[in-house]
Ligand SMILES: Cc1cc2nc3c(=O)[nH]c(=O)nc-3n(C[C@H](O)[C@H](O)[C@H](O)COP(=O)(O)O)c2cc1C
């Protein structure tokens, strides 16, 4: 029977499934619910010292559905970070740790380009029991207007400096959450690791425009007739997320062994999670999936991951973590490998003893012995 428990940067988790920062971790009530349902760890909705600057609009989501089944496959949001006062969060972090002392509580934090603010937020969350931090360098909408979120994550120099500030104060593991809205995700990844953080999380949402309403001719989600590009998540982003995780996994393997990766983007099943782990993730995060299916979706996910592991005789997550990264190569190498494979197949068809003649390959075998 597969053992799903895992230890990431010293954080002991009953399984690798983590609630990603967003609505599913938006107050003590729902965070406790997640622990009770069996999630391996919870990352809170991103908090900052001054929530007064955060004003959300609604509607703030726009969803893309499959033409065949009507299932939601894509989800755009223009939601900001938490609009709840920092003092409330501090009180709730304490309550959560009192109720679930063994639960891994990861504080997602974001601040402006100000060292004192970053040091203060780290110290105050740590005092009330934060088990780890995730630094949000990646929300693609709203906050970048204030030089926060992906405005920092798109600039490896700033990212390295800010992670360096955090590492001066942090006594617990730190993950930097990467934006996918860059050409080469390896660059901010290297910057984060150079500054000393233990892990990275990838990906946050992809900058997007959900749709244009053909009756009103206004883009969605429409607020007083206007919108702003948002962040795209859900199943549709999974191939992009898998590609970026694979690229990060190579950086870890080749340049920063021992650092960790938390894979995110469109995970809704145990099989989805297995793919991220095969491409190097140590843990996996789910946000939109919980918004679609509720906290109980952890149970079928655990079951499916466990069945996958049993089928392949993997006893632990470590037994297959990163296994499939080795099968990526260059296109030129694919051409060479295919030519070799074809030559080998052709050689196989050459009959060297009469007992090798087969009914299925008879014509090919005749061809292989023929000239002209
Ligand atoms: C409505 C919504 C709000 C989100 N808010 C945050 C946030 O506050 N901080 C953060 O780091 N990521 C936030 N995210 C991004 C998610 O944590 C995650 O990186 C992204 O949605 C991809 O994963 P998914 O396909 O499982 O949702 C949010 C996503 C959604 C859909």
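Odds and ends about this structure:
- Some residue of the range 287-296 being at positive phi and not in a strand (DSSP E or B): yes
- The range 265-292 residues that are under 16 Å from residue 203 (Cβ atoms), paired with ones that are modelled with pLDDT under 95 and within 13 Å of the ligand (Cβ to nearest atom) (beta carbon under 9 Å, 6 or more apart): none
- The range 37-70, residues that are without any contact (Cβ under 8 Å) to a residue 60 or more places away in the chain and more than 15 Å from the ligand (Cβ to nearest atom): 50, 52, 65, 66, 67, 68, 69, 70
- Residue selected from the range 269-288 under the condition surrounded by fewer than 24 Cβ atoms within 10 Å (Cβ to Cβ) and within 13 Å of the ligand (Cβ to nearest atom), by the criterion farthest from the chain's Cα centre (by Cα): 269
- Some residue of the range 254-268 being buried (at least 19 other Cβ atoms within 10 Å of the Cβ) and part of a helix (DSSP H, G or I): no
- One residue stands out in the range 235-268 among those that are under 11 Å from the mean Cα position of the chain (by Cα) and within 8 Å of the ligand (Cβ to nearest atom): the one that is farthest from residue 141 (Cα to Cα), namely 267.
- The C-beta contact set for the range 162-188 (first residue more than 17 Å from residue 110 (Cα to Cα), second residue assigned to a loop (DSSP other than H, G, I, E, B), distance under 7 angstrom, 6+ apart or interchain) comprises 180/203; 180/204; 181/140; 181/154; 182/154; 185/178.
- Qualifying positions in the range 186-223 - surrounded by fewer than 24 Cβ atoms within 10 Å (Cβ to Cβ), within 19 Å of residue 239 (Cβ to Cβ) and under 17 Å from the mean Cα position of the chain (by Cα): 186, 206, 207
- Residue in the range 142-157 that is modelled with pLDDT of 95 or more and within 12 Å of the ligand (Cβ to nearest atom) present: no
The values are calculated or read from the model by the stated rules, or taken from the named source; none is laboratory data. Keep in mind it's a predicted model, so treat the numbers as computed, not measured. Every residue, glycine as well, gets a Cβ built from its backbone with ideal geometry; the counts of neighbours run over all protein chains shown.
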